[in-house]
Amino acid sequence: MKKIIALAGILALTVSCKTAQSSSGNSLKDAYKNKFYIGTAMDLPQIHGTDVKSDDIIRKHFSSVVAENCMKSMFIQPEEGKFFFDDADKFVAFGEKNKMFIIGHTLVWHSQLPKWFFIGKDGKEVSEEVLKQRMKSHISALVGRYKGRVKGYDVVNEAIMEDGSYRKSKFYEILGEEFIPLAFQFAQEADPNAELYYNDYNEWYPEKVKTVVKIVKNLKSRGIRIDGVGMQTHVGLDTPALQEYEKAITDYAAAGVKVNITEMEISPLPSPWGTSANVADKVAYDAKMNPYTKGLPQNVQTEWENRYLDFFNLFLKHQDKIRRVTLWGVTDNQSWKNDFPVKGRTDYPLLFDRNYQAKPVVDKIIDLTKSK
Ligand code: XIL
């Protein structure tokens, strides 16, 4: 009897050790060291150190960090001339302490923007001159503060529509297409050594690619620096097609810029409208759109894993063109996708689960580097 109990004990120990070791112990950032940076977004719980387990994962697995929210204009300059840098300071300090490639997100964007930005002292819409001056002072204050420390900025975010036309944002309505070169010029003046990027979602739609390539070429021909295009990768299991996505990578590289894979996560949940990531477009909760509240079925998990591996295989194939691959968060429980585009769902889009464990796909992503 004693023998049986002892045997059962050994068996239980072996099983539990195996579970603990389910991840090889290798890190993403070491495996990808000679390929490209592997980044993650950090939001306030990670920045303030109240989500210690996430911070441990970030230190172990990631070589780059980007501010998920705290550098957006509504937080940095909530009132004209009143700046709030506390959170951004902590974010930059974390990145520096851990020797990470720090990314600022974002300088000019139509969302998460304070209301005062387009309203003049007289209560009317601002003139061209006033808007230029406001863009300049916002960009100089933020980029200037972290000069030499933040290594790259998403200078303009989400300015082009899927059909290749310009988004009719206030920046566009008041300043026309010139608001983009102006933003890059102001950023360049504030920190001549920071890398400067144009960042957008659905940036594989052919007409959108064409306009972004045109913008890149226009800036370069005028001597205004642009170093990269950031392809937000808020994707699903079926869209986009990998060939279309690949064509965008090669087209951007051919225009003479690096490609950043930014804001990556793969949602296995149904989407009401494909892969648009315009943060204002939310729909109300609907139980039919929230099918996996108790965990992902094995077949969906396998499909999800294969999708990640397909993307990483593609990134490795084009490693000479890619500067960075950044995930939009660490663990599933803190992903914005639980509330976007449908509020209150249980999503599974990231590489680490709700118990802060690396999903099996992490080791598989690491293993891909052995042959490429
Ligand atoms: C999202 C954040 O993840 C959320 O926490 C916030 O509530 C809304 O914005 N495109 C972008 C990101 O460029 O800044 C957005 O981040 C997601 C879509």
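The values are calculated or read from the model by the stated rules, or taken from the named source; none is laboratory data. The structure presented is a predicted model; accordingly, all values stated were derived computationally and were not measured. So basically every Cβ, Gly included, is an ideal-geometry build from the backbone, and we count neighbours across all protein chains shown. Surface areas here come from the heavy atoms of the whole protein model, side chains and all, with no ligands, DNA or RNA. Shrake-Rupley method; radii C 1.70, N 1.55, O 1.52, S 1.80 Å.
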Only one of VAL342, VAL330, VAL300 is surrounded by fewer than 17 Cβ atoms within 10 Å (Cβ to Cβ) and of a type outside the set (Asp, Glu), namely VAL300
Hey, could you check region 147-160 for residues that are in a loop (DSSP other than H, G, I, E, B) and touching a strand residue (DSSP E or B) at 6+ places or on another chain (Cβ under 9 Å) and say which is nearest to MET231 (Cα to Cα)?
-> GLU158
When residues of region 237-253 are limited to those that are aliphatic (A, V, I, L, M) and in contact (Cβ under 8 Å) with a residue 12 or more places away in the chain, the one surrounded by the fewest Cβ atoms within 10 Å (Cβ to Cβ) = LEU242
Can you tell me which residue in region 104-134 is farthest from ASN69 (Cα to Cα), limited to those that are of a type in the set (Ser, Thr, Tyr) and either assigned to a strand (DSSP E or B) or within 16 Å of the ligand (Cβ to nearest atom) (or both)?
-> SER111
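Every residue, every condition in (1) within 12 Å of the ligand (Cβ to nearest atom); (2) at pLDDT below 95; (3) under 28 Å from VAL229 (Cα atoms), yes or no:
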position	(1), (2), (3)
GLN319	no, no, yes
LYS337	yes, no, yes
PHE340	yes, no, yes
ARG345	no, no, no
PHE352	no, no, yes
LYS359	no, no, no
ILE365	no, no, yes
Any helices (runs of 4 or more DSSP H) falling wholly within region 38-88 and containing at least 3 residues that are under 25 Å from HIS138 (Cα atoms) | 73-76
Write out, first by first residue and then by second, each pair whose Cβ atoms fall under 8 Å of each other, whose residues are 6+ apart or on separate chains, and whose first residue, in region 274-290, is open to solvent by 70 Å² or more (accessible area, probe 1.4 Å) while the second is within 11 Å of the ligand (Cβ to nearest atom) and part of a loop (DSSP other than H, G, I, E, B).
-> ALA280/SER111; LYS282/ASP339; LYS282/PHE340; LYS282/PRO341
Got a number for residues in region 24-44 being open to solvent by 60 Å² or more (accessible area, probe 1.4 Å) and within 16 Å of the ligand (Cβ to nearest atom)?
-> 1
Within region 135-160, considering residues that are open to solvent by 50 Å² or more (accessible area, probe 1.4 Å) and in contact with a Phe, Trp or Tyr (Cβ under 6 Å, 6 or more places away or on another chain), the one nearest to the ligand (Cβ to nearest atom) | LYS151
With the condition kept exactly as written, say whether any residue in region 209-226 is out of contact with any helix residue (DSSP H, G or I) (no Cβ under 9 Å at 6 or more places or on another chain) and within 16 Å of the ligand (Cβ to nearest atom).
-> no
Candidates THR275, THR302, THR293 - the one that is outside any loop (DSSP other than H, G, I, E, B) and either farther than 23 Å from GLY104 by Cα or away from the ligand (no atom under 16 Å from the Cβ) (or both) = THR302
Sole exception among (1) out of contact with any Leu (no Cβ under 6 Å at 6 or more places or on another chain); (2) part of a loop (DSSP other than H, G, I, E, B); (3) hydroxyl-bearing (Ser, Thr, Tyr) for TYR348, by number = (1)
Is one or more of the residues making up region 68-75 of a type in the set (A, V, I, L, M), touching a residue at least 40 places away in the same chain (Cβ under 8 Å) and surrounded by fewer than 22 Cβ atoms within 10 Å (Cβ to Cβ)?
-> yes
Criterion violated by ILE261 - all others in (1) within 19 Å of ASN306 (Cα to Cα); (2) touching a residue at least 24 places away in the same chain (Cβ under 8 Å); (3) part of a loop (DSSP other than H, G, I, E, B) satisfied = (3)
